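S.K.: For reference, the structure I am asking about is given below.
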Amino acid sequence: MNIPPQEQIDQQWMAHALALARRAQSEGEVPVGAVIVREGAIIGEGRNRMIGTYDASAHAEIDALRDAGRRVGNYRLPGATLYATLEPCLMCAGAMIHARLGRVVYAATDPKTGAAGSVFDVMLSDRHNHRLEVQGGVLANEASAMLAAFFRDRR
């Protein structure tokens, strides 16, 4: 079966985000990972760190945006793609819009707080002065299974 080139690229980077999610899980965090790529190179990485840092804003996506900002010397990241293992929440979606990302790709949908169409449609709203391309479902089964196992084990 031939997979289109962009789909192959998305799967490659999502696999990297899943590795970051596994690292978060090994640290006792909810297993969510994120990676930001521009022109084929990683410019930022992040994983959930809320529990360990006592910081409600320490989501994987925010961690990756902070890392990318430091690396490139700018909070604006035009042309970059952020890959996240879970659909972004409202906070993360707002930060991505302000960062002027070109594209967001996520794995599993978040039926409770997803802001890319599941619950809220913040990322796709025409009310913002910047629009993001959004793609969901890339390696969703792997990400969903990891999250389900994490929460099942914590009960």
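S.K.: So how far apart, in nm, are the two label points at F151 and R23 if each is 7 Å from Cα heading toward Cβ?
M.R.: According to this spin-label approximation, the distance is 2.5 nm.
S.K.: Could you order M14, M50 so the one with the most accessible surface comes first? Probe is 1.4 Å.
M.R.: Sorted by accessible area, descending: M50, M14.
S.K.: Pull up the DSSP beta bridges for the chain and report the antiparallel fraction as a percent, rounded to 5. Before the final figure, lay out each step's value.
M.R.: Working: 10 of 18 bridges.
Of the beta bridges lying entirely in the chain, close to 55 percent run antiparallel.
S.K.: With charges only on Cβ, +1 for K and R and -1 for D and E, what is the dipole size of the stretch 6-79 about its Cα centre, in debye, rounded to 20?
M.R.: On the way: 9 positive and 10 negative charges, 45 e Å.
For the stretch 6-79, the charge dipole is close to 220 debye.
S.K.: With N set to the residue count of the chain, report its C-alpha Rg divided by 2.2 N^0.38 Å to two decimal places. Before the final figure, lay out each step's value.
M.R.: Numbers: Rg = 14.4 Å, N = 155, 2.2 N^0.38 = 15.0 Å.
Dividing the Cα radius of gyration by 2.2 N^0.38 Å gives 0.96.
S.K.: Above 19 Å lies some portion of the pair distances; for the stretch 1-77, what is it as a whole percent of all C-alpha pairs?
M.R.: Details: 1147 of 2926 pairs.
Above the 19 Å cut-off, the stretch 1-77 has 39 percent of its Cα pairs.
S.K.: Oh, and also: Roughly how big is the chain's charge dipole about its Cα centre, with Cβ charges of +1 (Lys, Arg) and -1 (Asp, Glu), in debye to the nearest 20? The partial results should precede the final answer.
M.R.: On the way: 17 positive and 17 negative charges, 62 e Å.
The calculation lands at about 300 debye.
S.K.: Sticking with this structure for a sec: Based on Cα positions only, what radius of gyration and what Dmax would you give for the stretch 23-63, in angstroms?
M.R.: Looking at the stretch 23-63, its Cα Rg and Dmax stand at 10.8, 34 Å.
S.K.: Then there's this: How do the peptides 31-41, 58-68, 115-125 rank, highest first, by the average count of neighbouring beta carbon atoms within 10 Å per residue? Please report the intermediate quantities before stating the final value.
M.R.: Numbers: 31-41: 22.0, 58-68: 24.5, 115-125: 18.4.
Result, highest mean first: 58-68, 31-41, 115-125.
S.K.: Sticking with this structure for a sec: From the C-alpha coordinates alone, can you work out the Kirkwood hydrodynamic radius of the stretch 44-112, in Å?
M.R.: Details: mean 1/r = 0.0826 Å⁻¹.
Kirkwood radius, the stretch 44-112: 12.1 Å.
S.K.: Rank by packing, highest mean first: peptides 145-153, 17-25, with packing defined as the count of other Cβ atoms within 10 Å averaged across residues. Don't jump to the answer; show the numbers that get you there.
M.R.: Working: 145-153: 13.2, 17-25: 21.8.
Top of the packing list down: 17-25, 145-153.
S.K.: May I pose another question? Output the relative contact order of the stretch 1-144, whole-number percent, from Cα pairs under 8 angstrom with separation of 6+ residues. The partial results should precede the final answer.
M.R.: Numbers: 334 pairs, mean separation 26.9, N = 144.
Relative contact order for the stretch 1-144 comes out at 19 percent.
The values are calculated or read from the model by the stated rules, or taken from the named source; none is laboratory data. All figures in this text were calculated on a predicted structure; none of them were measured in a lab. When we count neighbours, we look across all protein chains shown, and the Cβ atoms used for this are built from the backbone with ideal geometry, even at glycine. Heads up: the accessible areas ignore ligands, DNA and RNA and are worked out on the full protein's heavy atoms, side chains in. Shrake-Rupley method; radii C 1.70, N 1.55, O 1.52, S 1.80 Å.
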